[in-house]
Amino acid sequence: MSELTQFDYYLKDDGPAALVIREPLMPVEGTDGVLFPATFASGDNFPGGYNIDGDLNGANVCLIDSVGSQANRIEPLFAKEKYAALIPQIVVKAGEKHVNILEAGHRAGDALVRCSELQVELQNAFKSILKGDAEPLAKIAPTSLVFGVWDSRDTQAKLPRLVASTIRAYNVRKLTRSAQFNPATEFVNDNLLDEPTDKATKDAYAERGFIHVPATGSHGGVIATGGIRRDATLGLAALRLLTAGSDEKKTLALRRYVLGLALVAFTHNPSGYLRQGCMLVLDPSKANEREFVEVHPTGKRKPATITHEIALTFAAEAAKAFGVGDSKTVDFDRKRAKEDAAGEGDSKSKRKKEKKAGAIANSTENK
């Protein structure tokens, strides 16, 4: 079996439904260390702050890092020297900034990329997705086939995530913290500033650091008494839905290429520094609980032994066989951006205009 064909088993209709990794994590301070989860804005009856489901004083689940956040940590991996040759490096020059498509919020569907000379090429690639041909997009933005993409502002083409990773903590104790800011000197008492006579002035003094400011009862992190775990899946069943039209040879090459990228992303450990107060590492005391398995449609689970280096070697072979698209640097186009902001030139706008024109034509004919 060659390196290129070694994972064809995953691409067969009777192959596993998914690969799954479950690994226990802990704060660098230790299993009883305080960690700071992600915070979210209020809305939809959610008061804002930490996302904790369940009894705040009992069994609960706290979201530490979401699927989207994990993807944002993993996908830029492909811009690093070790992995850069696996995909086309698409960079948009916007003013003095050079932004890799991997750094753009919506990747291939981002306004920055859409408002460049790639606009038509990307639009055609998304239209091909709607027709069942993912090859054009794989030549421009192949990681969009791995982490999912939605061209929500134009063609409405949508692809699911193949690789999804989430970190959660269990049975957390929520903590609070307080702080006190003291200015370098007594600006008001020493007659360096006038006594504030209204709330606006007092708020301005506080904001600029001229008066004492207490901060009490703010988010103080959590202690995960039930442990922390990263759950990651690679959806092989979803990957097998990707096609290059009706060409079976091209479809196989496409699937191998996307599988290679997905395996590289999947076997890369995105834990470590997540945010201030949240540095996570593997928990050696629970090493025997780590799970890396193939999950079959029957529910049967078989151990998987793919290392990151094996995945990288396979990905390189698959990329060579598929033919990586050309890397390029393009300029942000102010004219295209202006038209895009006005809703001109996109597929949705064209469909509305065509529908309106058709309605007018029918109305005229019926008179």
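The values are calculated or read from the model by the stated rules, or taken from the named source; none is laboratory data. Here the structure is a predicted model, which is why all the values come from computation and not from measurement. We place every Cβ from the backbone using ideal geometry, glycine too, and count neighbours over all the protein chains shown.
Key figures
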{"quantity": "Within region 112-154, considering residues that are among the acidic types (Asp, Glu) and under 27 Å from residue 96 (Cα atoms), the one surrounded by the fewest Cβ atoms within 10 Å (Cβ to Cβ)", "calculated": "117"}
{"quantity": "Odd one out for residue 223, checked against (1) under 28 Å from residue 39 (Cα atoms); (2) touching a Pro at 6+ places or on another chain (Cβ under 6 Å)", "calculated": "(2)"}
{"quantity": "Region 133-184, residues that are over 19 Å from the mean Cα position of the chain (by Cα), among the charged types (D, E, K, R) and part of a strand (DSSP E or B)", "calculated": "133, 173, 174, 177"}
{"quantity": "Matching residues, region 288-300, being touching a residue at least 40 places away in the same chain (Cβ under 8 Å) and more than 24 Å from the chain's Cα centre (by Cα)", "calculated": "289, 296, 297"}
{"quantity": "All positions within region 15-49 that are touching a Lys or Arg at 6+ places or on another chain (Cβ under 8 Å), of a type outside the set (Gly, Ala, Ser) and not in a strand (DSSP E or B)", "calculated": "16, 36"}
{"quantity": "Matching residues, region 105-124, being among the acidic types (Asp, Glu) and in a helix (DSSP H, G or I)", "calculated": "121"}
{"quantity": "Among the residues listed as 163, 149, 120, the single one being at pLDDT 90 or above, in contact with a Leu (Cβ under 6 Å, 6 or more places away or on another chain), among the hydrophobic types (A, V, I, L, M, F, W, C) and over 30 Å from residue 281 (Cβ atoms)", "calculated": "149"}
{"quantity": "Residues located in region 95-112, provided they are in contact (Cβ under 8 Å) with a residue 24 or more places away in the chain and out of contact with any Asp or Glu (no Cβ under 8 Å at 6 or more places or on another chain)", "calculated": "95, 98, 100, 103, 106, 112"}
{"quantity": "Helices (runs of 4 or more DSSP H) fully within region 191-299 counting 2 or more residues that are closer than 30 Å to residue 317 by Cβ and of a type in the set (A, V, I, L, M, F, W, C)", "calculated": "236-239, 248-267"}
{"quantity": "Residue in region 90-104 that is surrounded by the fewest Cβ atoms within 10 Å (Cβ to Cβ), counting only those that are among the charged types (D, E, K, R) and part of a strand (DSSP E or B)", "calculated": "97"}
{"quantity": "Every pair of residues 6+ apart whose Cβ atoms lie under 7 Å, when the first sits in region 254-281 and is outside the structural domain of residue 86 (by TED's automatic domain parsing) and more than 12 Å from residue 143 (Cα to Cα) while the second is charged (D, E, K, R) and part of a helix (DSSP H, G or I)", "calculated": "none"}
{"quantity": "From 35, 25, 63, residue being touching a Ser or Thr at 6+ places or on another chain (Cβ under 7 Å), closer than 15 Å to residue 227 by Cβ, crowded, with 16+ Cβ neighbours inside 10 Å and not small (Gly, Ala, Ser)", "calculated": "25"}
{"quantity": "Any hit, region 3-14, residues being under 30 Å from residue 177 (Cβ atoms), assigned to a loop (DSSP other than H, G, I, E, B) and in the same structural domain as residue 116 (by TED's automatic domain parsing)", "calculated": "no"}
{"quantity": "Residue within region 50-71 that is assigned by TED's automatic domain parsing to the domain that holds residue 238, over 23 Å from the mean Cα position of the chain (by Cα) and part of a strand (DSSP E or B) present", "calculated": "yes"}
